[in-house]
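Asker: Quick one: this structure, given as structure tokens, is what I'll be asking you about.
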């Protein structure tokens with residue numbers, strides 16, 4: 001039986017090279033819970049990806065990057081009234097304060 005070291009300790013991989021069922025089940029559910037590429041990202045990133053802090057590499061690669069790009073594009077297209085409504089429905093947590101306003105304000109400048 002092959003053994004691999006995993007962050008939480010030893011992960012025993014069976015002779016068939018498959019992950020244990022409990023690990024496979026968790027990973028499958030995680031994939032199901034991820035926002036589908038191309039969906040309207042009308043949920044702020046701190047809710048869509050609650051395990052990602054504001055400043056993490058997760059926003060620069062993988063599903064977090066795709067979501068953030070789509071969210072920023074979507075947010076910049078809102079009218080001022082829609083933006084105010086969205087901001088009121090989804091107040092920023094302390095660690096995200098100023099994010100929505102900075103993204104929305106940059107819509108005319110074309111900044112990322």
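The values are calculated or read from the model by the stated rules, or taken from the named source; none is laboratory data. Note that the coordinates shown come from a computational prediction; the quantities given were computed from them, not determined experimentally. Cβ sites come from the backbone with ideal geometry, for glycine too, and all protein chains shown count toward neighbours.
Asker: Scan the helices (runs of 4 or more DSSP H) fully inside the range 61-112 and keep the ones with 2 or more residues being more than 16 Å from residue 43 (Cα to Cα).
Answerer: Values: elements: 62-76, 80-89, 99-105.
Per the criteria, 80-89, 99-105.
Asker: Next question, about the same structure. I'm trying to understand the selection: among the residues of the range 21-43, which are at pLDDT 65 or above and under 27 Å from residue 87 (Cα atoms)?
Answerer: Of all residues in the range 21-43, those at pLDDT 65 or above come to 21-33, 41-43.
Once the filter is applied, which keeps residues that are at pLDDT 65 or above and under 27 Å from residue 87 (Cα atoms), the range 21-43 yields 33, 41, 42, 43.
Asker: Still on this structure, I have one more. Among the residues of the range 44-66, write down those that are buried (at least 16 other Cβ atoms within 10 Å of the Cβ) and either modelled with pLDDT under 90 or over 21 Å from residue 105 (Cβ atoms) (or both).
Answerer: Quick first cut of the range 44-66, residues buried (at least 16 other Cβ atoms within 10 Å of the Cβ) only: 44-46, 48-49, 52, 58-59, 63-64, 66.
Answer for the range 44-66, where residues must be buried (at least 16 other Cβ atoms within 10 Å of the Cβ) and either modelled with pLDDT under 90 or over 21 Å from residue 105 (Cβ atoms) (or both): 48, 49, 52, 58, 63, 64, 66.
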